[in-house]
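The values are calculated or read from the model by the stated rules, or taken from the named source; none is laboratory data. Given the structure is predicted, the values throughout are model-derived calculations rather than measurements. Counting neighbours? That spans all protein chains shown, and the Cβs are built from the backbone with ideal geometry, glycine included. Calculation scope for accessible area: heavy atoms of the full protein, side chains included, ligands and nucleic acids excluded. Shrake-Rupley method; radii C 1.70, N 1.55, O 1.52, S 1.80 Å.
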Amino acid sequence: MIVFQQVGLRYGLGPEVLRDVSFALQPGSFHFLTGASGAGKSSLLSLLYLARLPSRGTVHMFGRDVARMARRDLPGLRRRIGTVFQDFRLLDHLSVIDNVALPLRVQGADETQLREHAAELLVWVGLGEHLDALPPTLSGGQKQRVAIARAVIGRPKLLIADEPTGNVDDRIALRLMRLFEELNRLGTTIVVATHNMQLVRESRHPELRLEAGALVQIAKAA
Amino acid sequence: MAGFGFGRGSELALERDRERRWIAAVVAALAFLATLALGLALALSGTAKRWQANFAGTLTVELPAGADPAPALALLRADPAVAAATQISRAAAEALLSPWLGAGNLQDLPIPVLIDVRLAAGAAPNLAALGARLEAAAPDAAIDDHGRWLGGFLALARAAGLVAAIVLAAVGLAAASCVAFATRAGLAMHREAVDLLHLVGAPDGYIAVQFARAAMRLAFAGAGLGAAGAALVLVAASAVASSSATLAFPLPALGWSDWLLLACVPFAATLVAAAAAYGTVMRNLARIL
Ligand SMILES: Nc1ncnc2c1ncn2[C@@H]1O[C@H](COP(=O)(O)OP(=O)(O)O)[C@@H](O)[C@H]1O
Ligand SMILES: [Mg+2]
């Protein structure tokens with residue numbers, strides 16, 4: 001479903017922050033993306049959620065070479081991907097429910113339906129009382145749940161989370177993992193970047209490890 | 001797929017940006033200029049058309065002061081191209097001249113003998129030949145088909161129309177450039193939100209429409225004000241002109257269709273702004289992923 005071949009990425013004229021990265025993700029798989037801070041995890045994810053194109057090599061998403069795609073086909077592809085950004089990227093002047101509804105609204109979905117759906121999801125992540133709150137009034141953990149609800153509202157085939165456990169305590173981190181497991185069981189392909197190695201060790205899912213921009217191993221936990 | 005994404009999206013909250021309100025002021029000034037130029041050109045062209053209609057199919061034959069009009073009248077009335085030929089009485093001639101010269105100064109003036117000629121419908125007589133025959137019957141007779149004078153005025157009206165068209169084009173271009181500039185600034189200012197919209201699957205048009213709407217709001221407010229100001233100036237100018245007795249110039253009055261055209265200026269400005277904003281966003285977004 002997703003294939004990276006000899007992918008290199010550099011920012012501007014800087015050095016390559018990803019070098020010769022090759023891997024494939026099967027539909028319905030669950031991977032951790034690990035590596036020290038600055039190893040290139042966020043950069044790799046940004047290729048996955050189609051924020052940028054590789055400087056080198058090829059990226060195939062859902063069977064299409066992203067570098068050869070027509071611009072008008074990008075939105076459709078991006079709608080199959082849900083992303084929980086490390087910094088959440090909520091729009092501060094929009095209510096929680098409007099933030100969550102965004103991916104459906106940009107598709108021109110029916111307004112009543114999308115509000116209903118967004119409200120349901122917010123109840124599911126425990127924010128049923130905060131539909132009309134503005135993000136700046138929420139705690140970090142609450143913002144993260146809004147970001148998760150927004151990432152899954154479009155029923156993405158691929159769910160990407162960039163260090164979702166970075167800013168929350170262990171109890172919430174565990175709850176989050178259970179949530180991702182559940183989505184994975186429903187068929188969603190999942191990639192979670194983390195440097196919480198305990199989390200990775202306790203899980204049965206394979207790991208993609210980046211070291212200074214190179215993918216050094218694809219290991220299956222015992 | 002909702003490829004264009006028209007309508008509901010307002011995530012960028014562009015109406016809150018105070019940074020781009022200057023657009024309304026600039027568009028107001030430009031719309032003022034455009035409306036004024038268009039109004040003047042329309043007034044001149046309206047006047048020219050009216051005079052042309054008044055003078056179409058008429059000639060004036062002028063004989064030296066004191067000449068006997070009878071031979072000339074006889075010759076003219078015998079011509080098949082002439083429907084009617086009547087001498088303009090001295091009183092009528094004085095009335096025609098008094099706006100220029102002042103009533104009461106005309107008693108001693110050698111006023112030429114004037115013959116008003118109405119041509120038969122559709123007739124286009126050879127004026128040179130007619131002039132030669134008149135000259136033989138009445139020495140020093142001159143034919144005035146008003147063409148030279150009217151031609152000068154028509155040329156003036158056409159030139160005014162051309163100038164107005166150039167002003168409109170320049171003003172439209174200036175407005176479009178301002179909107180494009182402001183839109184680029186807005187895109188840069190909202191880059192993060194724009195990126196997010198893209199990443200959750202918004203097509204470029206969804207984003208461009210928000211900028212177009214914001215530009216339309218500003219442009220309509222500005223252009224409405226500017227055009228209204230220009231309309232006031234036009235009304236005031238025509239009021240001053242009609243109250244001043246010294247003006248022997250037919251009033252450049254605007255008809256209702258002219259006013260209707262002038263009322264289109266704010267809408268045209270709004271469309272220009274929308275197109276400029278939309279195009280700018282689409283072009284600029286095409287450069288990012
Ligand atoms: N937008 C950017 N522009 C320039 N350099 C960047 C940018 N984002 C990341 N980098 C650089 O790329 C390298 C990898 O960063 P990143 O992908 O964020 O790693 P990680 O997420 O593993 O911490 C770092 O050296 C970082 O400084
Ligand atoms: Mg990172």
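Taking the condition hydroxyl-bearing (Ser, Thr, Tyr) and surrounded by fewer than 18 Cβ atoms within 10 Å (Cβ to Cβ), does residue A:43 pass? Considered against the rule, which asks whether it is hydroxyl-bearing (Ser, Thr, Tyr) and surrounded by fewer than 18 Cβ atoms within 10 Å (Cβ to Cβ), residue A:43 comes out as no.
The rows are residues; the columns are (1) closer than 23 Å to residue A:77 by Cα; (2) modelled with pLDDT of 95 or more.
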residue: A:123; (1), (2): no, no
residue: A:144; (1), (2): no, no
residue: A:155; (1), (2): yes, no
residue: A:160; (1), (2): yes, yes
residue: A:189; (1), (2): yes, yes
residue: A:195; (1), (2): no, no
residue: A:212; (1), (2): no, no
residue: A:217; (1), (2): no, no
residue: A:222; (1), (2): no, no
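Take the conditions of a type outside the set (Gly, Ala, Ser), farther than 22 Å from residue A:147 by Cβ and either more than 16 Å from ligand 2 (Cβ to nearest atom) or assigned by TED's automatic domain parsing to the domain that holds residue A:189 (or both) and apply them to residue A:32. Does it pass? So residue A:32 does not fit the description; no.
One residue alone among B:131, B:152 is open to solvent by less than 70 Å² (accessible area, probe 1.4 Å) and under 30 Å from the mean Cα position of the chain (by Cα), and that residue is B:152. In region A:8-18, how many are more than 10 Å from ligand 1 (Cβ to nearest atom) and at pLDDT below 95? Residues in region A:8-18 being more than 10 Å from ligand 1 (Cβ to nearest atom) and at pLDDT below 95: 1 in total. Every test in (1) assigned to a strand (DSSP E or B); (2) surrounded by fewer than 17 Cβ atoms within 10 Å (Cβ to Cβ); (3) in the same structural domain as residue B:132 (by TED's automatic domain parsing) is passed by residue B:60 save one, and that test is (3).
The residues on offer are A:160, A:190, and the sole one that is within 16 Å of ligand 2 (Cβ to nearest atom) and either open to solvent by less than 10 Å² (accessible area, probe 1.4 Å) or on the phi > 0 side of the Ramachandran plot (or both) is A:160. The lone criterion from (1) within 16 Å of ligand 1 (Cβ to nearest atom); (2) surrounded by fewer than 18 Cβ atoms within 10 Å (Cβ to Cβ) left unmet by residue A:5 is number (1).
Can you tell me which residues in region A:150-162 are within 23 Å of residue A:119 (Cβ to Cβ) and either in a loop (DSSP other than H, G, I, E, B) or within 16 Å of ligand 1 (Cβ to nearest atom) (or both)? Answer for region A:150-162, where residues must be within 23 Å of residue A:119 (Cβ to Cβ) and either in a loop (DSSP other than H, G, I, E, B) or within 16 Å of ligand 1 (Cβ to nearest atom) (or both): A:153, A:154, A:155, A:156, A:161.
Among the residues of region A:32-55, the one identified as of a type in the set (D, E, K, R) and either more than 7 Å from ligand 1 (Cβ to nearest atom) or more than 21 Å from residue A:82 (Cβ to Cβ) (or both) is A:52. Within region A:106-136, the set of residues being within 14 Å of another protein chain (Cβ to nearest Cβ), of a type outside the set (Gly, Ala, Ser) and open to solvent by less than 20 Å² (accessible area, probe 1.4 Å) comprises A:106, A:114, A:135. Just wondering, is there one or more residues in region A:75-86 that are in contact (Cβ under 8 Å) with a residue 12 or more places away in the chain and among the small types (Gly, Ala, Ser)? Looking for residues that are in contact (Cβ under 8 Å) with a residue 12 or more places away in the chain and among the small types (Gly, Ala, Ser), one finds at least one in region A:75-86, hence yes.
Scanning region B:108-138 for residues that are part of a loop (DSSP other than H, G, I, E, B) and in contact (Cβ under 8 Å) with a residue 40 or more places away in the chain yields B:110, B:111, B:112, B:120, B:121, B:123, B:124, B:125, B:138.
In region B:248-256, is there at least one residue being at pLDDT 95 or above, assigned to a helix (DSSP H, G or I) and surrounded by fewer than 20 Cβ atoms within 10 Å (Cβ to Cβ)? No, the conditions are met nowhere in region B:248-256. The sole residue among A:202, A:211 that is more than 16 Å from ligand 1 (Cβ to nearest atom) and open to solvent by 60 Å² or more (accessible area, probe 1.4 Å) is A:202.
In region A:69-84, of all residues being open to solvent by 20 Å² or more (accessible area, probe 1.4 Å) and more than 9 Å from chain B (Cβ to nearest Cβ), the one that is nearest to residue A:213 (Cα to Cα) corresponds to A:69. Residues that are touching a residue at least 40 places away in the same chain (Cβ under 8 Å) and assigned to a helix (DSSP H, G or I) within region B:182-194 comprise B:182, B:183, B:184, B:185, B:186, B:187, B:189, B:193, B:194, listed in sequence order. Take the conditions (1) farther than 23 Å from residue A:44 by Cα; (2) in a helix (DSSP H, G or I); residue A:127 misses just one of them, which is (2).
When residue A:94 is tested against the conditions (1) more than 24 Å from residue A:27 (Cβ to Cβ); (2) open to solvent by less than 50 Å² (accessible area, probe 1.4 Å); (3) more than 8 Å from chain B (Cβ to nearest Cβ), the lone failure is (3). Screening B:171, B:209, B:179 for residues that are in a helix (DSSP H, G or I), open to solvent by less than 30 Å² (accessible area, probe 1.4 Å) and within 14 Å of chain A (Cβ to nearest Cβ) leaves exactly one candidate, B:209.
Answer yes if at least one residue in region A:163-173 is assigned to a loop (DSSP other than H, G, I, E, B), more than 27 Å from residue A:211 (Cα to Cα), open to solvent by 10 Å² or more (accessible area, probe 1.4 Å) and without any contact (Cβ under 8 Å) to a residue 40 or more places away in the chain, and no otherwise. No, every residue in region A:163-173 fails to be assigned to a loop (DSSP other than H, G, I, E, B), more than 27 Å from residue A:211 (Cα to Cα), open to solvent by 10 Å² or more (accessible area, probe 1.4 Å) and without any contact (Cβ under 8 Å) to a residue 40 or more places away in the chain.
Of all residues assigned to region B:225-233, none qualifies as being open to solvent by 30 Å² or more (accessible area, probe 1.4 Å), within 30 Å of residue B:287 (Cα to Cα) and among the small types (Gly, Ala, Ser). Reported count of residues in region A:39-68, each being free of Cβ contacts under 8 Å to residues at least 24 places away in the same chain, within 16 Å of ligand 2 (Cβ to nearest atom) and either out of contact with any helix residue (DSSP H, G or I) (no Cβ under 7 Å at 6 or more places or on another chain) or away from chain B (no Cβ under 13 Å) (or both), is 1.
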